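Take a look at the structure below.
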Amino acid sequence: MIAHLRGKLLAKHPNQAIVETGGVGYDLTISVPTFSDLPAVGSEVALNVHTHVREDSLALFGFLRMAEKQLFEKLLTVSGIGPKLGITILSGMQPDEMIGAIRGNDIARLTRIPGIGRKTAERMVLELRDKLQAPVSEGVLSTPALTSVEEDVLSALLNLGYQRPAAEKALAIGTRNGGKGQFDTMFRAALGALSK
């Protein structure tokens, strides 16, 4: 399996790059964000590669950032998403935004990506939401330690069936609006935020 290529960039197009390494030109399918960040033709480039082997073909998919490759490989685990659709998905939305949409159960935002219908978006959320790490920006927002009362409110919301990202957002609103320290007022304020 080819996992990484470093060499001279011979050609680049919005969905394709050709990289020469050791006298061999490798044709890679790439996403639009990777295309946008590629250096000029003739420059040296290093790409993380996903090798997709099928009975009748061998295809290479290239990514400048390892995080994009890992997200692509996670997308391939969703039933109904193959490598071509995976590249289309990555071209339609920034990875951090997509992870936020999946973790936040935002079907409407996912269906704005070309090629993604409601059923595929629902499968993405169902199959990936617990497998994806929060983007760095989202993680920074949730780093303050919760008080024991806030933890109790969060636990109660999760036990009621709310998803963690929505519950955490509602807890933040409940803490602001309901005041700190009292379970009842924070819980009611959080439920009110979730019902809007």
task = Could you check Ile87 against (1) open to solvent by 50 Å² or more (accessible area, probe 1.4 Å); (2) assigned to a helix (DSSP H, G or I) and say which number it fails?
result = (1)
ask   = Does Arg54 fit the bill of being basic (Lys, Arg), in contact with a Leu (Cβ under 9 Å, 6 or more places away or on another chain) and open to solvent by 50 Å² or more (accessible area, probe 1.4 Å)?
value = no
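Check every one of the strands (runs of 3 or more DSSP E) wholly within the range 1-64 and list those with 2 or more residues that are within 21 Å of the chain's Cα centre (by Cα). It would help to see each step written out before you state the result.
Numbers: elements: 4-13, 16-21, 24-30, 44-53, 58-63.
Of the strands (runs of 3 or more DSSP E) lying wholly inside the range 1-64, those with at least 2 residues that are within 21 Å of the chain's Cα centre (by Cα) span 24-30, 44-53, 58-63.
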query = Restricting attention to the range 149-172, which residues are over 15 Å from Leu194 (Cβ atoms) and open to solvent by less than 80 Å² (accessible area, probe 1.4 Å)?
reply = Val149, Glu150
request  = Kindly indicate which of Arg129, Arg109 is open to solvent by less than 50 Å² (accessible area, probe 1.4 Å) and either more than 23 Å from Leu64 (Cα to Cα) or modelled with pLDDT of 85 or more (or both).
outcome  = Arg129
query = Scanning for something in contact with a His (Cβ under 7 Å, 6 or more places away or on another chain) and touching a residue at least 24 places away in the same chain (Cβ under 8 Å), does the range 81-97 turn up at least one residue?
reply = yes
message = So for the range 70-77 (the condition being of a type outside the set (A, V, I, L, M, F, W, C) and within 14 Å of Arg129 (Cα to Cα)), does at least one residue qualify?
response = yes
Complete set of residues in the range 84-119 that are more than 11 Å from the chain's Cα centre (by Cα), within 21 Å of Gln16 (Cα to Cα) and polar (S, T, N, Q) = Thr88, Ser91
Residues of the range 1-32 satisfying the condition of being open to solvent by 20 Å² or more (accessible area, probe 1.4 Å) and within 13 Å of Ile87 (Cβ to Cβ) = His13, Pro14, Asn15, Gln16, Thr29, Val32
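A quick yes/no check of all residues on (1) buried (at least 16 other Cβ atoms within 10 Å of the Cβ); (2) at pLDDT below 85; (3) not in a helix (DSSP H, G or I):
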{"position": "Ser79", "(1), (2), (3)": "no, no, yes"}
{"position": "Ile102", "(1), (2), (3)": "yes, no, no"}
{"position": "Ile113", "(1), (2), (3)": "yes, no, yes"}
{"position": "Lys119", "(1), (2), (3)": "no, no, no"}
{"position": "Val125", "(1), (2), (3)": "yes, no, no"}
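The values are calculated or read from the model by the stated rules, or taken from the named source; none is laboratory data. Being a predicted model, the structure only gives us computed values, none of them experimental. For neighbour counting, all protein chains shown are included, and Cβ atoms are generated from backbone atoms with ideal geometry for every residue, glycine included. These area figures cover heavy atoms from the full protein model, side chains too; ligands, DNA and RNA do not enter into them. Shrake-Rupley method; radii C 1.70, N 1.55, O 1.52, S 1.80 Å.
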